[in-house]
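Below: one structure, written as structure tokens.
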Amino acid sequence: MKQQVDGISTKGNRKNLGHVHEKLQEVIQNNVNLKGISQFVIGKHGALVKQKEKEDFLREYEVYLTSLCVKILYKYMHDSEMIIMSTKAVDDETCLIGTRFSYGDEEFTNIDFKVTKNNSSFLISDVVMSGISIAINQRSQFSEKIDTHGIASVIAELKCNNNP
């Protein structure tokens with residue numbers, strides 16, 4: 001994935017920005033388990049809501065997550081350098097890849113990627129920043145929103161954010 005991101009040219013004028021975002025979306029769609037993360041995030045609500053609401057949430061959350069990942073990768077492309085620090089097999093299907101994103105001389109962020117076997121390839125199934133799992137954090141936040149405002153309201157908010 002690192003080579004794919006590094007291979008995307010950001011040179012040129014503003015018209016190129018759309019092309020860069022499209023290429024980053026492709027990288028995310030090919031390397032991140034969007035469906036699996038979305039299923040995890042809906043959590044207990046997946047069994048409690050109507051099938052159409054579940055499908056709508058999963059679709060809109062995938063769009064939201066893709067957009068979020070594109071923003072993070074775009075920032076990485078311009079402001080930092082990624083170094084792979086470690087790899088650790090958790091089991092036959094899962095490994096953790098420890099990385100360090102450097103921002104200048106002294107500043108850095110450690111980010112771990114949980115990579116899981118999916119059919120014949122491997123996909124990112126979680127990202128851990130400063131010890132905080134993004135998937136678990138998102139699940140907690142969305143569960144609270146659904147409990148407070150209802151699934152229809154959360155889907156409407158996702159649609160609104162996905163189509164500014």
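The values are calculated or read from the model by the stated rules, or taken from the named source; none is laboratory data. Being a predicted model, the structure only gives us computed values, none of them experimental. Ideal geometry is used to build each Cβ from the backbone, glycine not excepted, and the neighbour counts take in all protein chains shown. For accessibility, only protein heavy atoms count, side chains too; no ligands or nucleic acids. Shrake-Rupley method; radii C 1.70, N 1.55, O 1.52, S 1.80 Å.
When VAL49, VAL70 are compared by accessible surface with a 1.4 Å probe, the order from highest to lowest is VAL49, VAL70.
Each label point was placed 7 Å from the Cα along the Cα-to-Cβ direction; for ASP91 and MET129 their separation is 2.8 nm. On full extension, the segment bounded by LYS145 and GLU106 gains 10.3 nm, given 0.36 nm per residue less the C-alpha separation. Here the label points at SER153 and ILE84, each 7 Å from Cα along the C-beta direction, are separated by 4.5 nm in the simple model. Anyone know which of ILE72, ILE97, ILE42 comes out most mobile in the 10 Å Cα GNM of the chain? Of the options given, ILE72 has the highest mean-square fluctuation. Dimensions of region 67-133 based on its C-alpha atoms, expressed as ranges along the principal axes with the largest first, amount to 37, 26, 20 Å.
Grab the alpha carbons of region 21-97, take their convex hull, and tell me the volume per residue in Å³. Dividing the Cα hull volume of region 21-97 by its residue count gives 118 Å³. In region 123-164 the Cα-Cα distances spread across 10 Å bins starting at 0 as 26, 38, 33, 2 percent of all pairs.
Computed with a 1.4 Å probe over protein heavy atoms only, the accessible area of LYS145 comes to about 70 Å². Based on the Kirkwood approach, the hydrodynamic radius assigned to region 35-164 is 16.3 Å, with every pair of different Cα atoms included. In the context of the full set of protein chains, region 10-164 has a per residue accessible area of 63 Å² (1.4 Å probe). Of SER120, SER130, SER38, the residue with the greatest mean-square motion in the GNM of the chain, using alpha carbon springs below 10 Å, is SER120.
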